[in-house]
1. Within 10 Å of each Cβ of B:423-429, how many other protein chain Cβ atoms are there on average?
2. Checking the table A:Lys275/B:Lys299; A:Lys275/B:Lys94; B:Lys66/B:Lys245; A:Lys59/A:Lys304; A:Lys217/B:Lys348 against a 30 Å threshold on Cα-Cα, which pairs fail?
3. Quick check on packing: order B:185-193, A:165-173 by the mean number of other C-beta atoms within 10 Å, highest mean leading.
4. Where the accessible area of the range A:15-150 is counted over protein heavy atoms with a 1.4 Å probe, how much of it, in %, is carbon and sulfur?
5. Give me a single rounded figure for B:325-338: the average over its residues of other chain Cβ atoms within 10 Å of their Cβ.
6. Taking 8 Å as the Cα distance limit and 6 or more residues as the minimum spacing, I'd like the relative contact order of the range B:185-265 as a percentage.
7. Given a Förster distance of 35 Å, report the FRET efficiency between B:Leu307 and B:Ser199 from their Cβ-Cβ distance, rounded to the nearest 0.05.
8. Please report the spacing between the Cα centers of the range A:12-50 and the range B:245-306 in Å, no decimals.
Amino acid sequence: MDEAEVKSKKGPGRLCYICNQKKPALKRPKTLEQICKECFYAVFEEEIHRVIVDNQLFKPGERIAIGASGGKDSTVLAYVLSELNRRHNYGLDLFLLSVDEGITGYRDDSLETVKRNEIQYGLPLKVVSYKDLYGWTMDEIVKMIGLKNNCTFCGVFRRQALDRGAALLKVDKLATGHNADDIAETILLNILRGDIARLSRCTSITTGEDGPIPRCKPFKYTYEKEIIFTYAYFKRLDYFSTECIYSPNAYRGFAREFIKDLERIRPRAILDIIKSGENFRISTSTKMPEQGTCERCGYISSQKWCKACVLLEGLNRGLPKLGIGRTRGPLGIEQRTQRSMQSKQCGTLDF
Amino acid sequence: MACAAAACHENGCCKDEDDEGLVLSTKKRTAEPTIKTNSVLVATASSNTITSSTEDSEHRHGLCVKCKVDAALAGDECNLCFGCFRASLFGKFKVTVTTKDLISPTDNVLIAFSGGPSSRVALQFVHEIQQKAQRNLDASRDKSYPVFGVGAAFIDESAISSISSHEFEQAIQDIRLIVSSLAPPAKELHIAPIGNIFSLDPNDGTERLKELLHTINDVTGKEDFLQHLRMISLQKIASDHGYTKLVLGSCASRIACHVISATVKGQGYSLPADIQYVDARWEVPVVLPLRDCLAQELKMLCHHEGLKTLELLDGPRSGINGLVSSFVTLLQEENPSRQPTIVRTAEKLTPFNFNRLPEIDDSSNHLPFRRRHKKLNFKSDESNTSEFFCQICNSPIKNSDLESLRSILGHSETGANIFGSSCSSCQFQILPKEPSSMEHFYSLLPKSMVARAREGICCNQDRLREQIKDCLLSDDEEGI
Ligand SMILES: [Zn+2]
Ligand SMILES: [Zn+2]
């Protein structure tokens, strides 16, 4: 619906498009409807509740870990999930799960934020650290390998750290703060990379159901703008800007910029991209490589050793390039332009 | 995640897993027999990265990396000489035409000619294989080999364009000259005002077209609608003059843009229908022989060969299409293989049953021309052929999307409810929102579109009824 139309439907008196009683306080990013604060919270939370119910994300009695980085998405997720759990009697045991990468001056602060969330929402917090799990902090890794390739370590280690933390908490599922913009971006990136296997999986609201800890994304249809800008602002939730200090000017990839441009002229484009992603006709024979377990640590892996173990082996033997320079040949092109193809997760420590 | 922009330069960042997928897809790709999806420019660019040291030095000397005799073309992307470049581009076209059996000797093909580089090259290349077929005929003792016929069609949009009539007249003259100066066999040129699909009376047609476009508020919707009208015009010309195939000059760059636009417009389901070499959902099947060539390559060919093109008529795209087009251009500048990769992604989506030529059981199968014919591998599952098509854009509609029909049937009993089976994208960006203006909109549509709608409703009625029977209140046959 375009802006002019919303205005015309709004009727005289400039009242909230939904309740038609209060003065509108914002233009809802998803629909451009002018609505009041109260109606905004109501629809925002109700939509997420619908997504949870319709997709059967949780079962009563389940233990759920919320991946908590201290950033906006996971902070809002922790708030909304604890709120909905109470309001609609989901019967869930919620936990906050954080990863301490060991980045001085950065992670200390964001962990403080998570700890305040722990008290505010009364959710138990578990912190797993790279140091404990792998024997290395990110600071030590960067000292050894420099600023090149450090993201590979951080990314591989974090994914495992979350799974291991979830196992320690004995949870049934891990909920992450990926929002609609993230999903739309991932869909585009997979198209740009020609990765049909990931393209077919990336729209699933729950993933890894065959693995040890399934992950789900309650914010799959929630606009980033609604999370940041309105919600976090109005509710004054305590969150931390998760910009990595090893990434001084948080880089936003082409795809992210493109999505923001699209949203500006057609807000529903984000949902349309997700719809396309869900509807792509991908033959079911397009499968991911067979998953086994790492011979060394038992983590799921398609190779003999999982990536974290390969990277660790390199670090411990003083050969940090091990496990990194495996892409050559035709992929030379891909590597050259990796910078522009990154998604936002590389610029921030949010998850 | 720790990731300075510069630090990520050489690795997959947190997306490292993705490289694995990329390796897989690349491997899978090279295992396939056809190589033509890789464009000429890209092939050279990537081989350049593998053996960069030797080729760099050759490039510095300015020699063609293929024949190593002639000077390479100027420009940073290409390191072939003109001869090798042209041969490789034409080879790509030829392989597509023959392996996909896009043109057979008994065909009469109509080339959609806009005057732009892509359709100019399409005209040129089709002309060349026609000449070749003619020469073969002349040389053969047995004169029974037919040579396919070629015509060109230009859709005159002057009524709704901002180009001055003087400039337009000039453009038409150029187009006539381009087509008439091709060597024999002679090619007929059809120039038809786009209003022709509305009415036989030119003024009336133009008025209706203008009024129709006026009802569409969304700039992207307007542009897309015009694109659908263009296709209807071409189909009309083709069918009125007995053509058997419609050749479009759609190149990889254009297709890449379409892949992204369709995704952004929520048309992921129907996307594979639009990007195949063959699209037989139309009365006259549409073929895309240049699907694997980059716009840049086609432009380069026109430039070096002195093929006249008319940029004038190819205005910038607007709205969503404009954003997509600059996004894809940006990506291509960053990485010369990006557009082919996008096309390849879409190619991996499952095509529809109409993305193959209808089987013709004729005796021409033994002709040498058809020898290399590779049957497209489709299961002839006839139960699958009854797709629902959007009445506006002719896209197949996903079954579950027909659910939205329920609401439309709920409060409209008029002729306008025929648009219940429009895709959600057309409903959003093209159709009027108010039921009253919908009827007006419907009354203005070209007859062929309305006919298609009726036909669609007729054919699909049973299945449609089946899907919505629980929400139909009476057994009223007029209901849908
Ligand atoms: Zn309100
Ligand atoms: Zn449509």
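The values are calculated or read from the model by the stated rules, or taken from the named source; none is laboratory data. Only a predicted model underlies this, so the values are computations on that prediction, with no experimental measurement involved. Heads up, the Cβs are rebuilt from the backbone with ideal geometry, glycines too, and the neighbour counts pull from every protein chain shown. Remember, those area values only see protein heavy atoms, side chains included, never the ligands or the DNA or RNA. Shrake-Rupley method; radii C 1.70, N 1.55, O 1.52, S 1.80 Å.
1. That works out to 2 on average.
2. Listed pairs above 30 Å: A:Lys275/B:Lys299; A:Lys275/B:Lys94; B:Lys66/B:Lys245; A:Lys59/A:Lys304.
3. Top of the packing list down: A:165-173, B:185-193.
4. 49 percent
5. For peptide B:325-338, the averaged partner shielding equals 4.
6. For the range B:185-265, the relative contact order is 22 percent.
7. Given R0 = 35 Å and the Cβ-Cβ separation, E is 0.50.
8. 42 Å
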